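Q: What follows is a structure written as structure tokens; I'll ask about it next.
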Amino acid sequence: MKIKITALNLEFDIILPQSVPTSEISNAFNENEIEESFIQCSYRLYSKYIDSSQAMMEVNISSQLRTKLINVFRDRQALKLKDILPLMEAAAKEISHLMNDSYSRFRRESVFTELKYINSQTRS
């Protein structure tokens, strides 16, 4: 599996602290059936965050990328890692850039300074 993923030359990588809560989708990941589990979890993420017809928590990604993802996930029986991974990575990158932009704007707000001060007081 690692060889298959490495062969795709993916760039996006994120390491989260152990204290970060896990979701129902990530908890469903079965390390004994990695490829099938990844495909199932990817489909669930697609359904929850990308598919405009059913995503209650739809994320903002480009229409071109959304269309590509819709086309890949259209035939659930024919899903392949080599088709899913690059598109999901592209979505992660787009979302990450948007989140960084939002965070940069938030840091310029007075409420950020207030929260930073309050946080420093609670740690003292």
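Q: Sorted by mean Cβ packing within 10 Å, highest first, what order do the peptides 104-115, 83-94, 66-77, 44-55 take?
A: Order by mean packing, descending: 83-94, 44-55, 66-77, 104-115.
Q: Between [x] 32, 19, 14; [y] 50, 11, 10; [z] 39, 20, 14, which matches semi-axes √(5λ) of the Cα gyration tensor in Å calculated for the structure shown?
A: Label [x] holds the value from this structure.
Q: Short version: ³J(HN,Hα) in whole Hz for each residue of the stretch 49-54, in order, from phi by Karplus 6.51 cos²θ - 1.76 cosθ + 1.60 (θ = phi - 60°), x for Gly and Pro, what are they?
A: 3J(HN,Hα) across the stretch 49-54, in whole Hz: 10, 10, 5, 4, 7, 9.
Q: So how many Lys-Lys pairs in the chain land under 15 Å Cα to Cα, not counting same-chain pairs under 8 apart?
A: Close lysine pairs under the 15 Å cut-off: 6.
Q: ³J(HN,Hα) across the stretch 78-89 via Karplus (A = 6.51, B = -1.76, C = 1.60, θ = phi - 60°), whole Hz, x for Gly/Pro?
A: Here the 3J(HN,Hα) series is 9, 5, 9, 3, 4, 8, 7, 4, x, 6, 5, 5 Hz.
Q: What value, in deg cm²/dmol to 500, does the helix sum -39500 (n - 2.57) over DSSP H runs of n ≥ 4 give at 222 nm once divided by the residues of the chain?
A: Here the helix-only value at 222 nm equals -20000 deg cm²/dmol.
Q: With θ taken as phi - 60° and the coefficients 6.51, -1.76 and 1.60, list the Karplus ³J(HN,Hα) couplings across the stretch 23-37 in order, rounded to whole Hz; mark glycine and proline as x.
A: For the stretch 23-37, the Karplus curve yields 8, 4, 5, 5, 5, 7, 5, 10, 5, 7, 10, 4, 5, 5, 5 Hz.
Q: Using a 1.4 Å probe over the heavy atoms of the protein chains, calculate the carbon and sulfur portion of the accessible area of the chain as a whole percent.
A: Heavy-atom surface of the chain belonging to carbon and sulfur, 1.4 Å probe: 53 percent.
The values are calculated or read from the model by the stated rules, or taken from the named source; none is laboratory data. Because the structure is predicted, anything quoted here is derived from the model rather than measured. A quick note on method: Cβ atoms are made from the backbone with ideal geometry, for glycine too, and the neighbour counts reach across all protein chains shown. Surface accessibility is based on the protein's heavy atoms, side chains included, excluding ligands, DNA and RNA. Shrake-Rupley method; radii C 1.70, N 1.55, O 1.52, S 1.80 Å.
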